[in-house]
Amino acid sequence: MNAKFEAMILGESSVSRRNHKQLKFKMPNSADQKDALDDQAIKNFQEYLQIPSVHPNINYEPCIKFLRAQANSLGLPITVTSVAEGKPIAIITWTGSEPTLPSILLNSHMDVVPVFEDKWTYKPFSAHIDEKGDIFARGTQDMKSVGIQYLEAIRRLKLDGVVLKRTLHVSFVPEEEVGGVDGMKPFVLTPEFKKLNVGFALDEGMATETDTFAVFYGERNIWHMIIHCPGTPGHGSLLLKNTAGEKVAYILNKFFEFRKQEVAKLASDSSLTLGDVTTVNLTQVKGGVQSNVVPPELVIVIDCRLAVTRDNEAWEALVNNWCKEAGEDVWIEWEQKEPQVGATKLDASNPYWVAFKQTMDDLNLDLNPIICPGGTDARYVRQQGIRAIGFSPMNLSKTTLHAHNEYLNSEIFLKGILIYYNVIIKLGNLG
C-alpha cells in the first residue's frame, strides 16, 4: 500500500487531520496481488464510465455486455430481465451457504444525467485521470463507482476464499435518474424480485467534503403538482375580473410564504438537514398566447418534497384549500404523488443496521445518518417493507453529482472497495 493511500484510509488528508486508530481492514495479503487488483478495478471503472448511458433515449446494451463480462470474470451467474422494453435489469448473484436466509441486495443504477460537453474540462465520457488521480466522467459519483466497488469487493472476497452465509444479489437497474418508473418502481412488484428474498438493501448515498460518511435511512416523498388556473380571457388593456394570472399569483404567494417558513426552520436549527424539511419550488409556468392577450388558462408546476414527519393528508388538504381560495375552477393534475414511506430504523431492532454500524465502528469511520434530500430507488424497496440504507463511500470529496466536471479521486474509489469488502463480510454472515 502506498503512503498516500494509507494516509487516505487513516483519514490523514488535507481535509482532516484527526488522529485515527489503526483501521482493521481485511484485505488481500499479497501487496503485489493488491496492486494488480487496484489496477484492474480502476480499469473496469473507466470502461464502465466510458459507456455513454446518458439520458435521453439510452441504449443499455453496452452496459449489459460489460456486466456480463464482469460476472464471467467473477465466476458468478447473471440474469437479465426487464419490466419495460429496452430497459434491462441485470442481477449478478453470489449464492450463500445458507440460501434460505433473507438475501442482501446491493443496488446501483446504470443511467446518468445529461451533460453539457462545452462546460467540461475533459470529455465527459473519457474517464480521464489527471495528475492528482481525479477521474473525470459523468457517473463517477452518481453512481457507477458504487456498482464497480460492489463487484471489486466481491472479487477480493472470492480470491480470499471467503464464504458468506447469505446470498448476495448485485443489481444494476435502469431509469433511476427519471424516477425509476421503468426500472425499480415496477420491478419490486414482480415475481422475479420476490424470488430474490431480499432482507436488506444498500443503495446510493452521496459524497461529503468532511471525513464523515452520509447514510440515508429514509427519503422525502415526491409530489409533482400541475396546477391549472382557468380565467377570464380578453384584451390585455382591460381590468378583467377572475383572471388566470391573479389565481396563479394567489397560489404562488401561499407556496412561497410556506417556503420561507421552512427556510427559517432550517436556518434556526443546526441539527436539521435539507431532508428534514418540506421543500416547494416553482419549476414551470405554461400558457399564454401573446403579450396583449389575457389567456384563458395558465398552468404552474410545483416540485414538492415532503418531510417524513409531515402529515400527507393535512398537507394535501392545505394545498387544495389554497387552490379553492384562488378560484373554484382551479384544479390539480398529479404528475407524481408518492405515498408516505416509513424510514428504516437505525436501532437494535434492525440487525442489518447493527452489523453495518459495527463494521464502520471497527474501521473507525464516522457516519452521519440523514434523510435523503432527493430521491433514490431505495424508496421503492422500503415500500415493500424491506429495510434499506443509502451509502456511497465517498468522504473527503467535493460533491459533483449532476455537475459539470463530475469526478471522483481514484484513492477514494479504491478505499471504498475495502470498505465494502468489510461491510459485505459482516452483512453476509448475519445468522
> Would it be correct to say that Ala36 is aliphatic (A, V, I, L, M), assigned to a helix (DSSP H, G or I) and at pLDDT below 90?
Replying inline: no
> Among Ser291, Ser237, Ser270, which is the only one that is modelled with pLDDT under 95 and loosely packed, with under 12 Cβ neighbours inside 10 Å?
Replying inline: Ser270
> Counting only residues that are in a loop (DSSP other than H, G, I, E, B) and either free of Cβ contacts under 8 Å to residues at least 60 places away in the same chain or open to solvent by 30 Å² or more (accessible area, probe 1.4 Å) (or both), which one in the range 150-183 is nearest to Ala31 (Cα to Cα)?
Replying inline: Asp160
>> Step by step: first the residues of the range 329-343, then only those that are part of a strand (DSSP E or B) and not aliphatic (A, V, I, L, M), then the one that is farthest from Asn221 (Cα to Cα). Which residue is that?
In response: Trp331
> Residues of the range 83-105 being within 30 Å of Val54 (Cβ to Cβ) and touching a residue at least 60 places away in the same chain (Cβ under 8 Å), which ones?
Replying inline: Val83, Ala84, Lys87, Pro88, Ile89, Ala90, Ile91, Ile92, Thr93, Trp94, Ile104, Leu105
> If you check Leu298 against the conditions, is it within 24 Å of Phe216 (Cβ to Cβ) and either touching a residue at least 24 places away in the same chain (Cβ under 8 Å) or of a type in the set (D, E, K, R) (or both)?
Replying inline: no
> Of the residues that make up the range 231-246, is at least one assigned to a strand (DSSP E or B) and either free of Cβ contacts under 8 Å to residues at least 40 places away in the same chain or closer than 30 Å to Asp111 by Cβ (or both)?
Replying inline: no
>> Being part of a strand (DSSP E or B) and open to solvent by 10 Å² or more (accessible area, probe 1.4 Å) is the filter here; which residues of the range 95-149 pass it?
In response: His128, Ile129, Asp134, Phe136
>> Within the range 385-395, does at least one residue satisfy the condition of being touching a His at 6+ places or on another chain (Cβ under 8 Å) and surrounded by fewer than 22 Cβ atoms within 10 Å (Cβ to Cβ)?
In response: no
> For the subset of the range 59-94 comprising residues that are more than 15 Å from Glu176 (Cα to Cα) and part of a strand (DSSP E or B), which member is most open to solvent (accessible area, probe 1.4 Å)?
Replying inline: Thr79
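The values are calculated or read from the model by the stated rules, or taken from the named source; none is laboratory data. Note that the structure is predicted; figures quoted are calculated from it, not measured. Note: ideal-geometry Cβ built from the backbone for every residue, glycine included; neighbour counts use all protein chains shown. Just the protein is used for accessible areas: all its heavy atoms, side chains included, with ligands, DNA and RNA removed. Shrake-Rupley method; radii C 1.70, N 1.55, O 1.52, S 1.80 Å.
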